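Here is the structure we will look at.
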Amino acid sequence: MSPHAATLPEHGHRCALLADLPASLGEALRAAAAEAPGRPFIRMATGEWTYGWIDDESDRVAAGLHALGVRPGDNVSLLLPNRIEFAVLWFALAKLGAVTAPVNTAFRGAALRDAIDLVQSRLVITDTSLQAALAEVLPGLPRITQQVLIGGGAPDPGQALGAPAPQATCLPYASLHRIAPDARTLPRPAVGFADLCLLLYTSGTTGRSKAAMIPHRFVLGHARLTIEGLGLRPDDVLYCPYPMYHLDAAVMTLAPALLLRGVAAIGERFSVSRYWDEMRAFQATVFDFMGATLTMLWKQPASPRDRKHRARLGWGVPLPAWAPEFEARFGCRLVELYGSTEAGVMIFTPQDAPRRVGSCGRPIGPFEVALQDEDGFVLQPGHTGELVIRALEPGLLMSGYYGMPDASLQAFRNLWFHTGDLLRQDEDGYLYFVGRRKDMVRRRGENISAAEVEQVIESHPGVLACAVYGVPSEMTEEEVMACVVPRPGAALDAPALAAWCATRMARFMVPRYLRFADSLPKTPTDKVEKFRLQQQGITPDTWDREPPTRTP
């Protein structure tokens with residue numbers, strides 16, 4: 001039987017909830033502030049801020065930014081850790097019709113310079129803790145003429161940032177209040193749903209980051225889909241410990257809370273030791289996880305306080321085989337979904353149906369989805385192919401990659417957005433994540449999902465985390481290599497771990513090479529930078545399951 005489908009598989013239903021969305025992020029905030037001005041909106045370790053305060057403060061900051069020359073369509077780079085000013089600036093820029101371009105705070109040197117240069121910002125807003133990193137690259141950013149600095153020790157207005165970049169003047173953040181006229185006179189340009197709201201950088205785990213152009217409709221539409229897909233409620237406190245420049249924090253935490261008139265609780269950063277204490281302090285009811293963070297939480301020693309929290313729901317990807325044990329221990333449900341920076345989130349595990357092990361759910365909302373082979377033909381259920389997506393309403397996918405027309409055309413080839421992710425679909429329309437197309441290892445004619453091998457290895461009680469990737473083989477193609485982080489106090493033995501894997505996966509999937517390390521190189525959103533591990537290759541401390549035969 002041919003693996004190709006004669007017709008497209010059944011797709012998600014149209015979502016009537018998207019019909020009444022506000023046109024823009026600024027309009028959504030003004031509506032929330034008018035309805036519930038005294039209700040808490042954003043909660044952080046440093047304080048709590050209401051809808052009314054965020055609306056008023058973002059008006060004042062918008063007036064200051066307008067006085068600096070920010071106009072509709074301008075891109076403004078933010079190099080900021082998680083702090084309340086980040087959210088205020090996002091809303092302020094949205095009200096001006098300008099575009100927030102938040103930069104990964106881990107970038108340094110050429111990566112930082114290229115990210116800011118890519119989006120052609122004239123203004124960059126940064127934190128004192130990151131000023132030195134920015135100052136290092138400013139000489140290579142001739143477009144930057146202004147910098148706003150947040151934090152203690154801000155320089156006097158007009159202070160030059162230092163040769164050889166005298167064109168960039170540096171102002172303290174507080175001056176945005178002083179240099180503007182009354183915020184009530186702030187211009188209110190017409191901002192439409194198709195106008196850009198964000199430039200979200202791809203994670204850059206396999207190379208140079210791209211900036212996905214995100215419209216207002218994308219932010220609010222996927223916020224509404226998140227509410228529907230996860231069954232979120234107005235009394236929920238949505239907790240996210242990841243950077244605010246990431247989709248999870250901006251689009252799937254702040255924006256859903258805004259539409260619900262709920263609370264967004266934003267942590268400073270992910271910390272396995274502080275995670276549950278911060279959840280308790282924030283009174284969080286919903287949390288998200290990604291990558292190995294759930295594994296790290298699971299492998300912490302059991303505690304009598306494991307159920308002393310208000311969390312009812314955790315969402316993320318991937319969902320491990322031991323999810324039921326996690327739920328029993330911590331007393332909350334885990335839900336898997338699928339999303340990406342460029343396409344948002346539209347695949348959710350149904351809340352009212354039994355869990356299907358390994359599935360990230362079914363599509364919802366106004367989308368068509370299909371799985372295609374390498375030639376672009378739609379595949380029948382049961383076959384693995386690349387997930388491709390079409391939006392049936394405008395503004396629900398990214399508008400392309402900023403300044404990269406060739407990459408944009410490649411992503412949207414053949415009238416589909418190509419995710420680069422490999423999934424499988426069953427007869428009932430449930431989808432199963434297999435891995436990234438670029439995260440497959442080709443070994444002796446077999447395509448091996450790195451994610452599947454990682455899941456097995458991480459189920460070992462002595463393993464905290466691991467990364468699986470391909471390295472060159474003398475037999476051509478690749479060999480499977482795993483970099484493993486042992487659990488603290490565990491005594492791991494490479495031959496024993498390989499033997500353990502051999503009883504739990506196909507023989508061709510068992511890593512030939514095993515290497516132990518104290519940690520894995522990661523982005524600030526806890527995604528492993530496998531390209532760095534591949535660059536290191538087979539190191540002297542790597543164990544080889546098939547050592548070459550020595551000749552006399």
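The values are calculated or read from the model by the stated rules, or taken from the named source; none is laboratory data. What you are looking at is a predicted structure, and each value in this text was computed from that prediction instead of being measured. Positions of Cβ are backbone-derived with ideal geometry, glycine not excepted, and every protein chain shown enters the neighbour counts.
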Can you list residue pairs whose Cβ atoms sit under 9 Å apart, with the first residue in the range 132-145 being over 12 Å from L112 (Cα atoms) and charged (D, E, K, R) and the second being outside any loop (DSSP other than H, G, I, E, B) and at pLDDT 90 or above? Count only pairs 6 or more apart in sequence or on different chains.
R143/I116; R143/D117
Looking at (1) crowded, with 19+ Cβ neighbours inside 10 Å; (2) more than 28 Å from K522 (Cα to Cα), which one does E228 not meet, given that it meets all the others?
(1)
Would you call R356 of a type in the set (K, R), farther than 23 Å from R233 by Cα and in contact with a Phe, Trp or Tyr (Cβ under 6 Å, 6 or more places away or on another chain)?
yes
Go through the residues of the range 439-447 one by one and say whether even a single one is within 18 Å of S340 (Cα to Cα) and either acidic (D, E) or surrounded by 14 or more Cβ atoms within 10 Å (Cβ to Cβ) (or both).
yes
Residue by residue through the range 274-292, note down the ones that are modelled with pLDDT of 95 or more, crowded, with 19+ Cβ neighbours inside 10 Å and of a type in the set (A, V, I, L, M).
M279, A284, V286
For the range 483-505, give me each residue that is part of a loop (DSSP other than H, G, I, E, B) and either at pLDDT 95 or above or closer than 13 Å to A465 by Cα (or both).
R487, P488, A490, L492
Condition check: within 30 Å of V468 (Cβ to Cβ), surrounded by fewer than 24 Cβ atoms within 10 Å (Cβ to Cβ) and at pLDDT 75 or above. Does T202 satisfy that?
yes
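Let's see how each residue does on (1) over 24 Å from K210 (Cα atoms); (2) surrounded by fewer than 20 Cβ atoms within 10 Å (Cβ to Cβ):
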position: D55; (1), (2): yes, no
position: A67; (1), (2): yes, yes
position: N82; (1), (2): no, no
position: V88; (1), (2): yes, no
position: F91; (1), (2): no, no
position: F107; (1), (2): no, no
With respect to A451, determine if the residue is of a type in the set (A, V, I, L, M), in contact with a Cys (Cβ under 9 Å, 6 or more places away or on another chain), surrounded by fewer than 20 Cβ atoms within 10 Å (Cβ to Cβ) and not assigned by TED's automatic domain parsing to the domain that holds A292.
no
Please name all residue pairs, on different chains or six or more residues apart, with Cβ atoms under 7 Å, provided the first residue is in the range 374-392 and is aromatic (F, W, Y) and the second residue is surrounded by 14 or more Cβ atoms within 10 Å (Cβ to Cβ).
F377/H4
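Results for (1) in contact with a Lys or Arg (Cβ under 7 Å, 6 or more places away or on another chain); (2) at pLDDT 90 or above, shown as yes or no for each residue.
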site	(1), (2)
H418	no, yes
G429	yes, yes
R436	no, no
M440	no, no
R443	no, no
A450	no, no
L464	yes, yes
In the set V471, V434, the lone residue that is under 30 Å from A517 (Cβ atoms) and more than 21 Å from the chain's Cα centre (by Cα) is V471
Being closer than 30 Å to R305 by Cα, crowded, with 16+ Cβ neighbours inside 10 Å and among the hydrophobic types (A, V, I, L, M, F, W, C): is that true of F330 here?
yes
Test of understanding: among T384, T419, which residue is among the β-branched types (V, I, T), over 23 Å from the mean Cα position of the chain (by Cα) and assigned by TED's automatic domain parsing to the domain that holds P215?
T384
Residues of the range 470-482 being surrounded by 12 or more Cβ atoms within 10 Å (Cβ to Cβ) and assigned to a loop (DSSP other than H, G, I, E, B), which ones?
S473, E477
Within the range 43-73, tally of residues that are touching a strand residue (DSSP E or B) at 6+ places or on another chain (Cβ under 6 Å) and within 17 Å of C197 (Cβ to Cβ):
1
Breaking point among (1) surrounded by 19 or more Cβ atoms within 10 Å (Cβ to Cβ); (2) farther than 30 Å from D288 by Cα, for E546:
(1)
